[in-house]
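**Student:** What follows is a structure written as structure tokens; I'll ask about it next.
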Amino acid sequence: MTSVLLVYPYFRGRRDRSRFRFPPLGVAYVAAALRNAGHEVGVLDCTFVDRDEALRRARAAGAAVVGIYAMATLTRDCLWMAAHLRDRCDLLVAGGPLPTCDPASFLGHFDVVVRGEGEQTMCEIVAAHEAGAALDAVAGAVCRPAAGASSGFADAVAAMPRRPFARDLDAIAFPARELLPNERYIEYGRRRYGYAVTTVMSTRGCPFDCEFCSNVVFADSYRERSPGSVLDEVEQALCLGYDRISFADDVFTLDRRRVHELCDEIARRGLRFPWECLGRVDSLDPQTARRMKEAGCFRIFFGIEAGNDDILRLMSKRITVAQARAGVDAAHEAGLQVGAFFILFYPGETDDTVLDTLRFAGSLPLDYLGLTMPYPLPGTALAERVGARHVREWRQDGGLLLNHALTFDADVSANKLRFALLKGHAQFEMKRRLGRLAPVALKAFEGPTDRILRVLR
């Protein structure tokens, strides 16, 4: 038996304004797999502690193997934690989206990188370490090439065996939620939103290839769990004290048949719990929306991203503005709250297409609007297109109004991007709060701010 500590190095900023703050399911899945393999496992979720306390707890754990999760927004804290634990463990492992698509940047700080789904790979890495065996034979593991290796690093990494995706999701152990600070998440949720919410994944992967999307861990390997397995986990999560469930699937509504089966299973069990999900506008019809509402769904989010068909094609979204309107209307008319996400000044956009998006967003019956600037994340087609202009790592903006930070040399200035974001949010809030006065106020606001946006460079 080996002692293992898994670290989720997210530290909430003083101006954290995100409404999406959930327990780290990926880490909890890996913890469950390791525990089932007979290892002693701890999880350090840093969401509600400061750096000094997190480091104290990590060192006090005294684990032989430490695994640290990383994605673009956590890279700095991941490497900080690794540097401080390097001499406190026998094996240091990195995993998550960024190590999956760019293992080379982590191997200077870690002994091994987990690429892709982590449950089985991590178990085999720990078993190999326990037995004194070579780690580079583990499928899904990436190690530093041996000194003096004849092939280059990139060739050596490419030759390391990849792990096939797990086919039977029902066979994967439920995430070890009891190792997470559930009480803190419940307290935070009820204070912030009025209810406590946690996530459940009913599918893995996404068959689409949006240019900006970094879905490197599950890639395009869309796989489904059975309704029975999903609802068993939902009941387990609710028993911990959570009030609502947020399905964390990339495309919850992709398979309408499966959605109806899941809703039927909720009814069969007599469950009453509010839930939300992320869907695609082209996969939600009025009948499915009504069935979801009957089964407890209260909100659906759509990643629409643009209000101009040319920009949607540039993004490889494979939807149209007309489909977006139809999907939003179907959800709204079924009585669901509707949220939508849009990207402003995507590379290749003009002032006209950005204003198209803002006008389109304002014409939809939305309850939540998420606006962001483009992020060319490593491993995405957008990062390849941006190329050498992708020059800065992500750092949280300390601004009073926005948390966004420009990470590449865009076609427009950061100030113009921020103005567009603020303009969009202001127009949404005016429509939402002013009722019958909104059309007059918006007309007076949009004209001058449209002209300012066009003048800014």
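The values are calculated or read from the model by the stated rules, or taken from the named source; none is laboratory data. Bear in mind that the values here come from a model prediction, so they are computed numbers and not experimental data. Glycine gets a Cβ as well: all are built from the backbone with ideal geometry, and neighbour counts include every protein chain shown. For accessibility, only protein heavy atoms count, side chains too; no ligands or nucleic acids. Shrake-Rupley method; radii C 1.70, N 1.55, O 1.52, S 1.80 Å.
**Student:** Consider the stretch 50-85. How many of its residues are open to solvent by less than 50 Å² (accessible area, probe 1.4 Å) and in a strand (DSSP E or B)?
**Tutor:** Within the stretch 50-85, residues that are open to solvent by less than 50 Å² (accessible area, probe 1.4 Å) and in a strand (DSSP E or B) number 4.
**Student:** I've got another one for you. Would you pick out the residues in the stretch 186-208 that are part of a loop (DSSP other than H, G, I, E, B) and either of a type in the set (Lys, Arg) or in contact (Cβ under 8 Å) with a residue 40 or more places away in the chain (or both)? Even if it seems obvious, please write down each step before you answer.
**Tutor:** Residues of the stretch 186-208 part of a loop (DSSP other than H, G, I, E, B): 193-196, 201-202, 205-208.
Once the filter is applied, which keeps residues that are part of a loop (DSSP other than H, G, I, E, B) and either of a type in the set (Lys, Arg) or in contact (Cβ under 8 Å) with a residue 40 or more places away in the chain (or both), the stretch 186-208 yields Tyr193, Tyr195, Ala196, Met201, Ser202, Gly205, Cys206, Pro207, Phe208.
**Student:** From the list Phe252, Phe302, exactly one residue is assigned to a loop (DSSP other than H, G, I, E, B), modelled with pLDDT of 95 or more, at negative phi and buried (at least 20 other Cβ atoms within 10 Å of the Cβ). Which is it?
**Tutor:** On the way: Phe302 fails: assigned to a loop (DSSP other than H, G, I, E, B).
Testing whether each residue is assigned to a loop (DSSP other than H, G, I, E, B), modelled with pLDDT of 95 or more, at negative phi and buried (at least 20 other Cβ atoms within 10 Å of the Cβ) leaves just Phe252.
**Student:** Hey, another quick one. Please work out if Glu393 is outside any helix (DSSP H, G or I), under 30 Å from Thr100 (Cβ atoms) and of a type in the set (D, E, K, R).
**Tutor:** Details: outside any helix (DSSP H, G or I): yes; under 30 Å from Thr100 (Cβ atoms): yes; of a type in the set (D, E, K, R): yes.
Criteria met by Glu393.
**Student:** Across the stretch 423-440, what is the total count of residues that are closer than 17 Å to Gly370 by Cβ and either in contact (Cβ under 8 Å) with a residue 60 or more places away in the chain or open to solvent by 70 Å² or more (accessible area, probe 1.4 Å) (or both)?
**Tutor:** Summing the residues that are closer than 17 Å to Gly370 by Cβ and either in contact (Cβ under 8 Å) with a residue 60 or more places away in the chain or open to solvent by 70 Å² or more (accessible area, probe 1.4 Å) (or both) in the stretch 423-440 gives 6.
**Student:** Looking at the stretch 346-365, which of its residues are touching a helix residue (DSSP H, G or I) at 6+ places or on another chain (Cβ under 7 Å), in a helix (DSSP H, G or I) and acidic (Asp, Glu)? Spell out the reasoning first.
**Tutor:** Of the stretch 346-365, the ones touching a helix residue (DSSP H, G or I) at 6+ places or on another chain (Cβ under 7 Å) are 346-349, 351, 353-355, 358, 360-362, 364-365.
Then drop every residue that is not in a helix (DSSP H, G or I), which leaves 351, 353-355, 358, 360-362.
Hit for the stretch 346-365 is Asp351, nothing else.
**Student:** Look at Arg318 and say whether it is of a type in the set (D, E, K, R), touching a residue at least 40 places away in the same chain (Cβ under 8 Å), open to solvent by 50 Å² or more (accessible area, probe 1.4 Å) and part of a loop (DSSP other than H, G, I, E, B). Give the derivation first.
**Tutor:** Working: of a type in the set (D, E, K, R): yes; touching a residue at least 40 places away in the same chain (Cβ under 8 Å): yes; open to solvent by 50 Å² or more (accessible area, probe 1.4 Å): yes; part of a loop (DSSP other than H, G, I, E, B): yes.
Judged against the criteria, Arg318 is a match.
**Student:** When only residues in the stretch 86-127 that are of a type in the set (Gly, Ala, Ser) and in a loop (DSSP other than H, G, I, E, B) count, which is nearest to the chain's Cα centre (by Cα)? Lay out the reasoning, then the answer.
**Tutor:** Here is the first cut: in the stretch 86-127, the residues of a type in the set (Gly, Ala, Ser) are 94-96, 104-105, 108, 116, 118, 127.
Narrowing further to those that are in a loop (DSSP other than H, G, I, E, B): 96, 108, 116, 118.
Details: Gly96: 11, Gly108: 26, Gly116: 15, Gly118: 16 Å.
Only one residue fits best here, namely Gly96.
**Student:** Something else about it: Anything in the stretch 403-418 that is without any contact (Cβ under 8 Å) to a residue 40 or more places away in the chain, buried (at least 18 other Cβ atoms within 10 Å of the Cβ) and among the hydrophobic types (A, V, I, L, M, F, W, C)? List them, or say none.
**Tutor:** Listed by number, the residues that qualify are Leu406, Phe408.
**Student:** Step by step: first the residues of the stretch 225-249, then only those that are acidic (Asp, Glu) and open to solvent by 40 Å² or more (accessible area, probe 1.4 Å), then the one that is nearest to the chain's Cα centre (by Cα). Which residue is that? I'd like the intermediate steps shown before the answer.
**Tutor:** Just the residues of the stretch 225-249 that are acidic (Asp, Glu), to begin with: 232-233, 235, 243, 249.
With open to solvent by 40 Å² or more (accessible area, probe 1.4 Å) added as a condition, the list becomes 232, 235, 243.
On the way: Asp232: 23, Glu235: 23, Asp243: 21 Å.
So the residue we want is Asp243.
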